Amino acid sequence: MLYSPINYQGNKSRISEKIISLIPSNIENIHEIFCGSAIISLASNIKNVYLNDKNTYILELLRYFQENKAENIIKIADSIINEYGLTNTFYEGKEKYPEKRHEGLSLYNKDSFNKLKEDYNKDKDINKLFVLLIYGFNHYLRFNSKDEYNVPVGKTDFVDSLRKRTVDYCLAIQKKSIEITNLDFRDSSLYKDKGLNDLYYFDPPYLITVAPYNSFWSEKDEIDLLHILDNLNDKGQKFMLSNVIESNGKENKILKEWMKKYNVHYIKRQYLNSSYHKKNLSNAIEIVITNF
């Protein structure tokens with residue numbers, strides 16, 4: 001199972017094996033139209049990968065992992081950690097920083113983290129962004145309306161598991177032949193001149209969930225996407241769509257009606273939504289819709 005060092009909203013790491021098992025064996029090219037951290041493409045056996053997303057920061061990070069050796073990324077990260085005086089329990093040991101209940105390492109790192117965040121928002125150094133992701137709350141990648149990274153400090157640091165994820169992710173992305181684009185999902189160039197052994201995978205923002213990533217997704221966006229899927233089907237192109245039809249008492253009626261003409265694979269699981277003060281389990285019925 002492949003995990004990304006980026007905890008990007010909608011990340012499919014925990015169910016990637018289930019999704020990948022649905023992919024036909026003859027697929028030669030995969031197109032992720034809302035790629036995020038691209039876990040499905042990178043964990044699959046498909047060599048040729050086309051990644052698209054509207055978020056320029058996630059695309060910058062994908063290129064960062066694609067173009068740099070993991071050991072160099074980790075070396076630079078450790079240098080920045082040392083420069084800003086952040087904790088580094090991988091080398092110093094956990095016993096050096098007694099953790100207070102519910103706070104983790106956040107009290108030790110808050111001031112240094114905020115200084116790093118301030119500097120990054122001025123110079124946009126990709127190396128600093130990676131360290132912010134390591135030390136930020138839940139490793140989130142999030143920016144405000146002023147284009148400033150605005151995640152608060154988290155509870156952990158550059159532990160062994162994150163270092164391993166960085167190595168594994170770099171190896172996975174560097175094995176692929178990758179083309180990256182930054183287009184709206186409605187852009188027709190994403191769907192032109194493709195072969196019948198291509199697969200389009202869509203994991204859009206979810207219409208009925210309340211995460212910040214989903215707040216900009218409207219019913220019009222949903223309907224436009226479903227029209228694109230119908231057009232792909234009419235042209236004999238294969239598609240997979242990940243989505244949620246029920247979540248915390250809400251249902252996506254538009255999707256429920258539309259999906260009746262295709263194959264629906266149910267994946268029921270619980271999402272753990274964490275905050276500093278509480279943890280909430282939200283029940284969601286996640287599905288994968290295919291036209292094959």
Of the conditions (1) in contact with a Pro (Cβ under 8 Å, 6 or more places away or on another chain); (2) under 29 Å from Leu232 (Cβ atoms), Pro205 satisfies every one except a single condition; which number is it?
(1)
Of the residues Asp203, Asp187, Asp157, only one is crowded, with 18+ Cβ neighbours inside 10 Å, at pLDDT 95 or above and in the same structural domain as Leu241 (by TED's automatic domain parsing); which?
Asp203
Those residues of the stretch 168-180 which are in contact with a helix residue (DSSP H, G or I) (Cβ under 7 Å, 6 or more places away or on another chain) and either surrounded by fewer than 13 Cβ atoms within 10 Å (Cβ to Cβ) or hydroxyl-bearing (Ser, Thr, Tyr) (or both) amount to Tyr169
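Can you tell me which residue among Asn243, Asn252 is surrounded by 16 or more Cβ atoms within 10 Å (Cβ to Cβ), within 17 Å of the chain's Cα centre (by Cα) and not assigned by TED's automatic domain parsing to the domain that holds Ala70? Steps first, please.
Numbers: Asn252 fails: within 17 Å of the chain's Cα centre (by Cα).
Of Asn243, Asn252, the one residue that is surrounded by 16 or more Cβ atoms within 10 Å (Cβ to Cβ), within 17 Å of the chain's Cα centre (by Cα) and not assigned by TED's automatic domain parsing to the domain that holds Ala70 is Asn243.
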Picked from the stretch 103-143 (must be at pLDDT below 95 and in a loop (DSSP other than H, G, I, E, B)), the residue farthest from Ile6 (Cα to Cα) is Glu103
Give Gly104, Gly85 a once-over and let me know the one that is touching a helix residue (DSSP H, G or I) at 6+ places or on another chain (Cβ under 7 Å), in contact (Cβ under 8 Å) with a residue 12 or more places away in the chain and at positive phi.
Gly85
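May I ask you to say which residue of Lys100, Lys117 is in the same structural domain as Glu71 (by TED's automatic domain parsing), in contact with a strand residue (DSSP E or B) (Cβ under 8 Å, 6 or more places away or on another chain) and closer than 17 Å to Thr156 by Cβ? Give the derivation first.
Values: Lys100 fails: in contact with a strand residue (DSSP E or B) (Cβ under 8 Å, 6 or more places away or on another chain).
Matching residue, one of Lys100, Lys117: Lys117.
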Here is a check on your reading of the model: is Ile228 crowded, with 17+ Cβ neighbours inside 10 Å, over 18 Å from the mean Cα position of the chain (by Cα) and at pLDDT below 95?
no
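Residue by residue, here is whether (1) under 19 Å from Thr156 (Cβ atoms); (2) not in a helix (DSSP H, G or I); (3) not assigned by TED's automatic domain parsing to the domain that holds Leu141 holds:
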{"residue": "Asn7", "(1), (2), (3)": "yes, yes, yes"}
{"residue": "Glu17", "(1), (2), (3)": "no, no, yes"}
{"residue": "Ile23", "(1), (2), (3)": "no, yes, yes"}
{"residue": "Phe34", "(1), (2), (3)": "no, yes, yes"}
{"residue": "Ser37", "(1), (2), (3)": "yes, yes, yes"}
{"residue": "Tyr50", "(1), (2), (3)": "no, yes, yes"}
{"residue": "Leu59", "(1), (2), (3)": "no, no, yes"}
{"residue": "Asn82", "(1), (2), (3)": "yes, no, no"}
{"residue": "Tyr91", "(1), (2), (3)": "yes, no, no"}
Just wondering, is there one or more residues in the stretch 36-58 that are over 21 Å from Tyr149 (Cα atoms), among the small types (Gly, Ala, Ser) and free of Cβ contacts under 8 Å to residues at least 60 places away in the same chain?
yes
Have a look at Asn68, Asn138 and point out the one that is surrounded by fewer than 21 Cβ atoms within 10 Å (Cβ to Cβ) and touching a helix residue (DSSP H, G or I) at 6+ places or on another chain (Cβ under 8 Å).
Asn68
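Based on this model, can you work out whether Asp193 counts as surrounded by fewer than 18 Cβ atoms within 10 Å (Cβ to Cβ), in the same structural domain as Glu99 (by TED's automatic domain parsing) and not in a helix (DSSP H, G or I)?
Numbers: surrounded by fewer than 18 Cβ atoms within 10 Å (Cβ to Cβ): yes; in the same structural domain as Glu99 (by TED's automatic domain parsing): no; not in a helix (DSSP H, G or I): yes.
In short, no.
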Exactly one of (1) at pLDDT 95 or above; (2) in a helix (DSSP H, G or I) is unmet by Ile46. Its number?
(2)
Return the residues of the stretch 177-190 that are closer than 21 Å to Asn233 by Cα and touching a residue at least 60 places away in the same chain (Cβ under 8 Å); say none if nothing qualifies.
Asp184, Phe185, Leu190
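Could you check the stretch 144-161 and list, in sequence order, the residues that are part of a helix (DSSP H, G or I) and without any contact (Cβ under 8 Å) to a residue 60 or more places away in the chain? Break it down into steps so the answer makes sense when it comes.
Of all residues in the stretch 144-161, those part of a helix (DSSP H, G or I) come to 160-161.
Residue satisfying the conditions is Ser161 alone.
The values are calculated or read from the model by the stated rules, or taken from the named source; none is laboratory data. Note that the structure is predicted; figures quoted are calculated from it, not measured. Using ideal geometry, Cβ is built from the backbone for each residue, glycine included, and neighbour counts are taken over all protein chains shown.
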